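The structure under discussion appears below in the form of structure tokens.
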Amino acid sequence: MNRMLRTLAAALIAASAATALFAQGLDGMRGPTPIPQATTAPLMSPMRNTTEREIRNFPEQPPLIPHSTEGYQIDLNSNKCLTCHSRVRTGDSQAPMISVTHFMDRDGQPLASVSPRRFFCTQCHVPQHDVKLPVTNDFVDIDTMLSRARPGGQR
């Protein structure tokens, strides 16, 4: 119960701080620039471009794209991702094949080609950039939480 009260108190303090910033015309994501003033957008940071697969942070997380997708055409007529990740191209490209779940309709019935609802890859899969986080993040993945719960695990 005390933990829940401390969490609630911290959330209320954070909310009141955000409200105070907003009342001053500031927003934590914009830094010291008041909301009505225009700012210059920061330069895009470079994309990660690696052959290493990113670790997933939670079960069922769509895999992250470990390379640039700049200039990829993904529309009703074409999908650049399938030139490497389709079943027939993985032997040549050595890229991982798209999941068999992408070949199922909404009722779980297999299809001969990629399901139309799974055709637009970047709805779920995203490339990564090397950036400094704009806000602090104390996310802990499930494996870390479970190891803490075991006797002798880190606290």
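Any read-out appearing in this document is the output of simple, stated calculations on the displayed coordinates, not a laboratory observation. Predicted model only: the values in this text are computed from it and were never measured. Note: ideal-geometry Cβ built from the backbone for every residue, glycine included; neighbour counts use all protein chains shown.
How big is the shadow of the Cα convex hull of the range 84-149, averaged over all directions, in nm²? Provide the component values of the computation, followed by the final result.
Numbers: hull surface 32.2 nm².
Approximately 8.0 nm², given one-decimal rounding.
What separates the Cα centres of the range 29-95 and the range 96-155 is a distance of 13 Å. Filter the GluC sites (Glu not before Pro) in the range 51-155 to those in DSSP coil with at most 11 other Cβ atoms within 10 Å of their Cβ, and list the result. Passing sites in the range 51-155 are E52, E60, E70.
Once the C-beta distance of R89 and E60 is scaled by a Förster radius of 35 Å, the resulting FRET efficiency is 0.90 to the nearest 0.05. Think of each Lys and Arg Cβ as +1 and each Asp and Glu Cβ as -1; about the Cα centre, that makes the dipole of the range 45-155 roughly 180 debye. Please state the shape class of the range 114-155: rounded when a/c is under 1.5, otherwise prolate if a/b exceeds b/c and oblate if not, all from the C-alpha gyration tensor. Cα axes put the range 114-155 in the oblate bin.
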